[in-house]
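The values are calculated or read from the model by the stated rules, or taken from the named source; none is laboratory data. Source: prediction; values computed, not measured. Here the Cβ positions follow ideal geometry from the backbone for every residue, glycine too, while neighbour counts run over all protein chains shown. The area values use the complete protein model at the heavy-atom level, side chains included, leaving out ligands, DNA and RNA. Shrake-Rupley method; radii C 1.70, N 1.55, O 1.52, S 1.80 Å.
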Amino acid sequence: MTDIIRPTDAIAELRKEIERHNHLYYLEAKPEISDYDFDKLLEKLIALERQYPDLITPDSPSQRVGGTITRVFPSVQHREPMLSLSNTYSRGELEEFYNRVRKLLILEGVHEQEMVAELKFDGVAVSLLYRKGLLVRGATRGDGLQGDDITANIKTIPTIPLRLPDFGSLFAESEENEIEIRGEVFMRKEDFEQLNDSRPEEDRFANPRNATAGTLKLQDSAEVARRKMCFVAYYLKDSGAEAPTQLQRLRQLEKLGFYTGGHYRLCRELDDISKFIEEWNEKRWKLPYETDGVVLKLNNVRLWEKLGATAKSPRWAIAYKYPAQQAKTVLHAVVFQVGRLGSITPVAELEPVFLAGSTVSRSTLHNFDEIERLGVMLHDRVIIEKSGEVIPKVLSVVLDERPSNAEAVQVPAVCPECGTPLERPENEVSYYCPNEDNCPAQIRGRMLHFASRDAMDIKTLGKALVDQLVDIGLVKDVGDLYFLQEPQLERLERMGRKSAQNLVRALEESREKSYERLLYALGIRHVGRATARELASAYPSFDALSQASEEELATVPDIGPVVARSICDFFSKSSAPAFIEKLKKAGLPLSASEPKEQVNSNFEGLSVLFTGGLDRYDRPTASELVLQRGGRVVSSVSKKTGLVVAGHEPGSKLDKAIKLGVRVVSEDEFEAML
Ligand code: IVH
């Protein structure tokens with residue numbers, strides 16, 4: 001018996017090993033094994049735990065892979081208000097803050113002024129609650145008093161310990177054996193770019209902070225786990241007499257296994273603070289994550305309470321924010337990009353200039369109205385700016401320096417991709433290439449949209465592969481994808497046998513996706529996810545939808561004449577019958593499967609519109625709840641609207657609803673109706 005490894009030991013061993021590799025990877029940036037081998041270890045643990053479910057513990061690394069679906073994030077009360085910081089862009093104000101603290105300290109009889117300078121991480125603040133050493137709750141800041149309980153999502157973040165070591169000795173004094181840690185969840189620049197690359201253009205996040213905020217509110221924690229979020233700790237609430245200074249608390253956080261960034265410094269004079277700020281204004285671009293300033297905190301924590309706080313921010317800390325970065329450069333040319341729906345976007349080609357950590361040589365000009373607004377001409381000197389956004393924008397033209405060879409930007413007469421004459425529909429700011437079926441740029445754009453996450457979610461079909469498939473002429477529409485054979489694919493550049501097999505398998509699996517997703521994935525102009533859902537419930541088969549007249553379509557809630565026209569245009573193209581035939585042959589889901597599970601029919605026949613923010617539900621959840629109860633969700637108010645649910649800060653739709661006499665209810669009433 002002695003040489004048989006007991007499952008308890010094997011599991012404990014594996015957990016230790018996995019956490020060690022996690023630590024090496026995330027905290028020391030010195031991985032010892034490949035991602036693949038790491039996944040194997042984790043799979044082994046999950047398999048063992050499946051075999052011995054009694055041995056699963058809440059702090060097992062298997063709990064990080066997610067899988068929990070949270071429909072509604074419950075509100076939770078913070079133990080003490082989660083304050084924000086007062087911000088300043090001015091060094092003068094920073095000095096005023098410093099002197100103010102000095103005065104308050106002198107009144108307390110303290111003559112040394114030790115401040116800790118830390119980096120200001122540009123992410124989303126969260127609070128973590130550990131009870132007897134075990135992570136029991138992760139919450140957003142919310143309004144400072146109440147936040148959302150996002151524990152399932154928080155647990156997927158590898159740099160958040162699920163259990164703290166040495167709990168007993170360090171925190172013997174703490175109330176109810178609870179300690180709270182606050183910090184910032186953020187996304188590394190590299191991971192952010194990877195995430196954005198995998199999303200269709202219109203769904204991209206403007207910056208890592210927005211991506212982080214969006215991710216923390218996802219209902220599917222497995223998706224959160226995939227997005228590689230990080231956590232940096234900067235505030236340890238309860239450490240009693242153990243650590244009376246912020247510096248010691250940061251070190252204590254590190255001992256507990258948290259990431260602090262490590263770039264903090266004790267400053268004894270104002271001059272030290274200035275040096276820190278200047279140093280990091282240069283160095284911050286080399287960090288793998290975004291920082292937008294420096295936070296200064298009084299080192300002596302015992303004095304924090306004495307200095308107190310205003311309604312929003314403590315008097316013992318301040319955030320200095322770096323000003324947005326600008327640079328002057330030359331506009332050499334304007335090139336034109338063609339989107340999946342044929343719209344033409346002008347893009348500025350700039351003299352490469354180093355700005356905010358990277359070399360910028362391109363910037364979008366959005367549309368021709370923007371070019372006019374800026375009054376920009378070719379060869380002009382322009383000011384570009386990068387603020388919180390990753391993509392720089394052209395801010396203005398330096399007219400004093402306009403060169404004699406400046407030339408007006410010409411609207412192209414033909415599509416740069418296929419040479420077809422461009423059109424500009426009335427009342428639109430964009431020009432379009434009308435060669436929908438044959439313009440390679442539009443074909444490529446449609447493929448990428450089709451494969452994107454909210455559409456058919458075909459991860460192996462990325463940009464490089466789509467470019468090749470379209471350029472060689474292997475595919476002309478998304479239906480062709482389903483007839484690709486492995487030997488054809490193997491011969492493509494950077495493909496090989498394994499990748500070819502993976503693509504074919506991924507396509508096969510995508511046939512299992514819903515009819516509603518397919519409707520969205522086809523990329524019909526004006527048919528977003530919500531419209532696709534409406535269409536799928538009004539026309540449960542593609543055949544029925546293809547036969548619907550414009551007038552009929554316009555009677556579907558939430559579908560106006562423009563959308564109805566666009567759907568009809570899609571089906572009346574000469575290529576449509578052959579395309580539909582191809583989709584059928586490909587085995588794609590061209591009709592709705594079993595009707596949705598109905599919880600009750602409290603919303604039967606009712607079209608519901610949401611305006612303003614709800615506290616307890618996010619929009620997709622609220623919509624789903626209405627659908628499950630037989631109702632529909634619409635996005636514009638008319639006399640036909642049955643019910644308007646008004647949250648906080650409702651928009652003009654509420655005024656319109658009241659004017660039209662539509663029934664309006666609050667979130668509480670809505671909940672009661674559910
Ligand atoms: S301390 C009571 N330290 O910046 C003070 N905050 O603009 C609690 N932030 O709400 C905050 N880096 O979300 C602190 N090193 C740092 C920080 C930091 C980023 C965030 C935090 C705060 C916001 C204020």
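A few comments on the model shown:
- Within region 20-35, the only residue that satisfies the criterion of being in a helix (DSSP H, G or I) and in contact with a helix residue (DSSP H, G or I) (Cβ under 6 Å, 6 or more places away or on another chain) is His21.
- Pick from region 94-104, criterion aliphatic (A, V, I, L, M) and touching a Lys or Arg at 6+ places or on another chain (Cβ under 8 Å), ranking: surrounded by the fewest Cβ atoms within 10 Å (Cβ to Cβ): Leu104
- When Ser566 is tested against (1) hydroxyl-bearing (Ser, Thr, Tyr); (2) assigned to a helix (DSSP H, G or I); (3) open to solvent by 70 Å² or more (accessible area, probe 1.4 Å), only condition (3) is not met.
The rows are residues; the columns are (1) closer than 24 Å to Asn299 by Cβ; (2) open to solvent by 10 Å² or more (accessible area, probe 1.4 Å).
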| residue | (1), (2) |
| --- | --- |
| Gly92 | yes, yes |
| Ile106 | yes, yes |
| Ala117 | yes, no |
| Lys132 | no, yes |
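- Residues of region 312-333 satisfying the condition of being surrounded by fewer than 19 Cβ atoms within 10 Å (Cβ to Cβ) and more than 14 Å from the ligand (Cβ to nearest atom): Pro323, Ala324, Gln325, Gln326, Ala327, Lys328, Val330, His332, Ala333
- Residue pairs whose Cβ atoms lie under 6 Å apart, sitting 6 or more positions apart in sequence or on different chains, and linking a residue in region 281-306 that is more than 30 Å from Phe192 (Cβ to Cβ) and free of Cβ contacts under 8 Å to residues at least 60 places away in the same chain to a partner that is part of a loop (DSSP other than H, G, I, E, B) and within 16 Å of the ligand (Cβ to nearest atom), are Trp304/Trp316.
- Screening Ala309 on (1) open to solvent by less than 60 Å² (accessible area, probe 1.4 Å); (2) within 34 Å of the chain's Cα centre (by Cα); (3) away from the ligand (no atom under 12 Å from the Cβ) shows it passes everything except condition (3).
- Residues of region 463-513 that are open to solvent by 60 Å² or more (accessible area, probe 1.4 Å), over 28 Å from the mean Cα position of the chain (by Cα) and under 23 Å from Gly445 (Cβ atoms): Asp471, Ile472, Lys476, Phe483, Gln488, Glu493, Arg494.
- Considering region 53-65, and only residues there that are part of a loop (DSSP other than H, G, I, E, B) and either out of contact with any helix residue (DSSP H, G or I) (no Cβ under 7 Å at 6 or more places or on another chain) or closer than 14 Å to Asp39 by Cα (or both), the residue that is modelled with the lowest pLDDT turns out to be Val65.
- Flag set for Ala506, criterion: under 14 Å from Leu461 (Cα atoms), assigned to a helix (DSSP H, G or I) and not aromatic (Phe, Trp, Tyr).
- Helices (runs of 4 or more DSSP H) completely within region 183-291 that count 1 or more residues being open to solvent by 60 Å² or more (accessible area, probe 1.4 Å), away from the ligand (no atom under 16 Å from the Cβ) and closer than 18 Å to Ala117 by Cα: 270-283
- Selection status of Ala532, open to solvent by 10 Å² or more (accessible area, probe 1.4 Å) and either under 30 Å from Leu625 (Cβ atoms) or assigned to a helix (DSSP H, G or I) (or both): no
- Counting only strands (runs of 3 or more DSSP E) that sit wholly inside region 318-399, those with at least 2 residues that are of a type in the set (A, V, I, L, M) and touching a Leu at 6+ places or on another chain (Cβ under 8 Å) are 325-338, 344-355, 381-386, 393-397.
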